[in-house]
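The values are calculated or read from the model by the stated rules, or taken from the named source; none is laboratory data. Just so we're clear, the structure is a prediction, and the values are computed from it rather than from any experiment. Note: ideal-geometry Cβ built from the backbone for every residue, glycine included; neighbour counts use all protein chains shown. Accessible surface is based on the protein model in full, side chains and every heavy atom, while ligands, DNA and RNA are left aside. Shrake-Rupley method; radii C 1.70, N 1.55, O 1.52, S 1.80 Å.
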Amino acid sequence: MKFETPAGANPTDKLIVIGQPTDRIEGPLKTTGTAKYAYENNDAVTNHAYGYIVGAAIAKGRIKSIDQTKAKAAPGVLAIVTAATAGSLPPGKFYVDRLLAGPDVDHYHQAVAVVVAETFEQARAAASLLTVSYTKTKGAFDLAAAKDSAPVPKKGEFGPPPETNVGDFDGAFASAPVKLDETYTTPDQSHAMMEPHATIAHWVGDKLTCWCSIQQMNWGVRDVATILGIPKENIRLISPYIGGGFGGKGTVLSDIIAASLAAKAAGRPVKVALPRPLMFNNTTHRPATIQRIRIGATPDGTITAIGHENWSGNLPGGRPESATASTRLLYAGPNRFTQLRLAVLDLAEGNAMRAPGEATGMMALEIAMDELAEKLNMDPVALRIKNDTQVDPEKPERPFSTRKLVECLQTGAERFGWNKRQAKTATVREGQWLIGLGVASAIRGAPVMKSAARVRLNRDGIVTVETDMTDIGTGSYTIIGQTAAEMMGVSLDKVVVKLGDSSFPESPGSGGQWGAASATSGVYAACVKLREAVATALGVKADEAEFVGGQVRAGNRSFPLTDAARSGDLVVQDEMSYGELSKQYAQDTFGAHFVEVGVNAYTGEIRVRRMLAVCQAGRILNPKTARSQVIGAMTMGVGAALMEELVVDKQVGFFVNHDLAGYEVPVHADIPHQDVILLDDVDATMSPMKAKGIGELGLVGVAAAVANAVYNATGVRVRDYPITLDKLMGKIKLSGWYGR
């Protein structure tokens with residue numbers, strides 16, 4: 001099925017199952033510990049061994065030698081894999097990192113060997129007996145030091161153009177009556193997902209099966225084939241449950257390749273899990289940025305010029321952090337300029353992490369808007385509303401498909417009590433605490449991708465859906481089940497959903513905020529074909545048939561749905577592909593974040609007291625899972641604002657705090673009650689589902705709202721994330737303050 005014109009009325013509009021706050025259908029499995037994650041599939045193979053990855057002890061250089069004598073003699077050792085024995089291992093098509101170092105070392109903790117033994121403890125012990133000798137070379141680890149020589153990169157497959165110009169930015173900014181010109185920084189961040197990267201690999205002849213933790217199955221098959229040099233049809237990846245990914249498990253990383261090579265060398269299945277301290281420097285992360293934002297405006301708040309420059313670093317061939325993406329679309333302004341620059345750094349690869357580009361870019365842009373509002377003596381919400389646009393600012397002939405940013409801001413302001421905010425900073429006090437309110441807009445693209453599914457109806461009336469879509473904790477199982485139930489006119493308990501197997505029809509997987517809208521549309525297409533097959537089997541016209549309550553009605557006739565499969569299962573497959581609507585319309589999601597903080601006037605301690613997100617994201621397929629996505633993202637935004645930072649040792653060249661003890665993320669005590677408002681929004685230009693993604697929108701803007709609230713509370717403007725208490729202490733003005 002190809003979607004080329006805006007959707008009209010269709011069976012999903014009934015909202016009998018779709019749009020209901022249904023509990024996750026896989027929830028009982030997860031809460032009882034019976035959902036099997038990658039490393040737990042012990043019954044899938046027999047006689048498995050264990051692999052242990054040894055990471056490079058230098059950040060840049062070459063391996064001179066690896067003395068394996070003691071390790072090979074250790075109890076239980078079956079094999080040792082190095083680059084010398086593995087052969088050529090080119091990078092995949094998405095990540096640029098080489099997944100097994102040798103002879104060159106590209107970054108700290110890049111895998112240099114895999115030791116295979118009968119038990120995990122034996123593999124770990126033998127790994128410690130390897131003696132690796134290196135020749136160190138000078139590396140680059142400091143983004144600020146590399147900034148001035150960083151070039152503009154070539155346009156890549158993902159992200160915005162590296163440079164855009166509309167109108168005369170330089171002239172308009174120079175002549176603007178009110179100007180803002182500030183620099184902001186965001187640090188390197190880790191995905192820090194709960195489940196580590198893990199794989200069980202098993203060869204049968206030349207056929208490879210991997211039980212793994214990966215978000216995009218189709219990319220995974222492609223990249224395993226590329227790296228190992230084997231046909232795609234010889235590869236099967238299985239990943240039904242994923243314990244969090246946030247973009248950090250997009251496709252193939254070292255665990256899959258290490259396990260595959262180890263299993264081949266040992267001649268039996270091998271399990272590999274990355275130890276937590278290895279994950280931070282071995283895999284990918286969100287790269288640090290330096291951002292310069294310039295905005296020119298008239299005294300009434302009309303933006304006349306807006307410019308956004310971003311510097312980030314990566315391994316050779318890596319992508320820039322596309323922090324300018326949101327600035328291109330969020331606010332009106334006739335004169336515009338954005339530019340990305342990319343330095344070569346010898347740190348672990350920088351790549352996708354939840355809302356890549358938008359999250360970091362909005363951390364800067366939405367502080368800048370707050371600062372501009374103060375220069376204008378204007379309310380921050382009013383400034384954002386004044387500069388709203390219903391068309392793409394770079395292409396005025398291209399309207400937004402739906403855009404309710406103003407409604408998000410106004411609804412949030414009313415619900416949050418924004419009218420009580422004091423424009424003068426550091427004036428609201430409760431005992432030793434200074435209280436402040438902050439706001440930020442939110443925007444995130446709403447792409448949809450080709451997606452396929454297979455559906456089956458059996459004689460018991462059970463509808464089974466198969467697609468290689470994954471569920472990383474987002475609720476994919478449930479919304480796909482709801483879609484099939486709605487389309488086939490059955491209750492949700494009559495639907496079986498099978499996900500995360502590359503032998504199933506191909507979806508785009510989980511990532512980019514495209515998963516929900518894309519995968520459900522593929523299921524919709526398959527169900528349309530199944531409805532046609534059912535109608536044919538029952539001898540009625542498909543366009544006259546109504547599917548409801550387990551019955552098929554056509555005119556004055558009614559049949560049990562089960563009658564259609566009386567002679568055998570009905571099985572169909574189809575995909576949803578797309579035409580040119582995304583070029584005709586700017587398809588995005590919008591929101592507004594409101595935050596209240598308390599800051600201790602003496603210690604600088606920051607406490608988030610209240611949070612509200614107002615989101616516009618197309619038809620909400622399941623309000624419960626959607627809200628769960630948003631509050632999780634809001635929590636992540638608090639982490640980005642106040643604590644998350646991979647600290648770079650610029651001499652040795654690695655992330656120092658490479659575990660969950662040193663890399664701080666929010667815990668329950670850090671997060672207050674979070675309110676979420678989901679605006680009514682049906683976008684017929686997206687797909688027949690009329691839905692968009694929401695999982696990344698909930699993050700974008702949160703950190704800036706926290707930062708703006710801290711400023712409102714204290715009068716101290718922090719432009720370098722995270723906002724830690726040392727950046728406040730000694731700067732809070734306590735004149736007239738008696739701590740009462």
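From the alpha carbon gyration tensor of the stretch 215-355, can you work out the equivalent ellipsoid semi-axes (sqrt of 5 times each eigenvalue) and give them in Å, largest to smallest? Kindly include the intermediate steps, with their values, before the conclusion.
Details: eigenvalues 344, 48, 35 Å².
Equivalent-ellipsoid dimensions as semi-axes: 41, 15, 13 Å.
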Tell me, what ³J(HN,Hα) does each residue in the stretch 701-715 have, in order and in whole Hz, if you take phi through Karplus 6.51 cos²θ - 1.76 cosθ + 1.60 with θ = phi - 60° and put x for Gly and Pro?
x, 4, 4, 5, 4, 5, 4, 5, 5, 4, 5, 4, 6, 10, x
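Can you pull the percent of Cα pairs in the stretch 430-495 with separation above 14 Å?
More than 14 Å apart: 71 percent of the Cα pairs in the stretch 430-495.
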Sites excluded, GluC sites (Glu not before Pro) in DSSP loops with at most 12 other C-beta within 10 Å, longest stretch of the chain:
158-579
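Could you tell me how many cubic angstrom of Cα convex hull volume the stretch 520-576 has per residue? Numbers along the way, then the final one.
Numbers: hull volume 4.4 nm³, N = 57.
That works out to 77 Å³ per residue.
Hey, which of these cross-link pairs are over 25 Å Cα-Cα: LYS375/LYS733; LYS375/LYS731; LYS64/LYS155; LYS424/LYS727; LYS232/LYS583; LYS147/LYS731?
LYS64/LYS155; LYS232/LYS583; LYS147/LYS731, as the Cα separations exceed 25 Å there.
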List the trypsin sites (Lys or Arg not before Pro) in the stretch 511-603 that DSSP assigns to loop (not H, G, I, E or B) and whose Cβ has at most 10 other Cβ atoms within 10 Å. Which are they?
ARG566
Antiparallel content of DSSP bridges confined to the chain, in %, to 5
75 percent
What is the pair-distance distribution P(r) of the stretch 303-347, computed from all Cα-Cα distances in 10 Å bins starting at 0, with each bin given as a whole percent?
27, 41, 22, 9
Using the alpha carbon gyration tensor of the stretch 330-374, what are the three equivalent-ellipsoid semi-axes (square root of 5 times each eigenvalue), largest first, in whole Å?
26, 14, 11
Carbon and sulfur atoms account, in whole percent of the 1.4 Å probe accessible area of the chain, for 51 percent
Which whole number of Å³ per residue matches the convex hull of the alpha-carbon atoms in the stretch 73-143?
132 Å³
Over the stretch 388-519, what is the mean sequence separation of C-alpha contacts under 8 Å (at least six apart), divided by residue count, expressed as relative contact order in percent?
22 percent
Rg and Dmax in Å for the chain, alpha carbons only: what are they?
26.9, 86
Run the Debye formula on the Cα coordinates of the stretch 1-96, all scatterers equal and no solvent, and tell me log10 I(q)/I(0) at q = 0.11, 0.12, 0.15 1/Å.
-0.77, -0.82, -0.97
Over what distance in Å are the Cα centres of the stretch 170-190 and the stretch 79-138 separated?
43 Å
Loop by DSSP (not H, G, I, E, B), at most 14 other beta-carbon atoms within 10 Å: where is the longest site-free stretch of the chain for chymotrypsin sites (Phe, Trp or Tyr not before Pro)?
159-601
For the stretch 635-740, the fraction of alpha-carbon pairs in successive 10 Å shells from zero, as %:
11, 30, 29, 19, 9, 2, 0
For the stretch 150-244, run through the trypsin sites (Lys or Arg not before Pro) and keep only the ones in DSSP coil with at most 16 other Cβ atoms within 10 Å of their Cβ.
LYS154, LYS155
Within the stretch 577-618, backbone nitrogen closer than 11 Å to the virtual label 7 Å beyond the Cα of ARG429 toward Cβ
601-602
Using a probe radius of 1.4 Å on heavy atoms only, what accessible surface per residue do you get for the chain? Whole Å² is fine.
37 Å²
Which value, in Å³ per residue, describes the convex hull spanned by the Cα atoms of the stretch 119-233?
264 Å³
Taking every alpha carbon pair in the stretch 144-183, what does the distance histogram look like in 10 angstrom bins from 0, in percent?
20, 32, 40, 9
The rounded separation in angstrom of the Cα centers of the stretch 622-646 and the stretch 297-315 is 26 Å
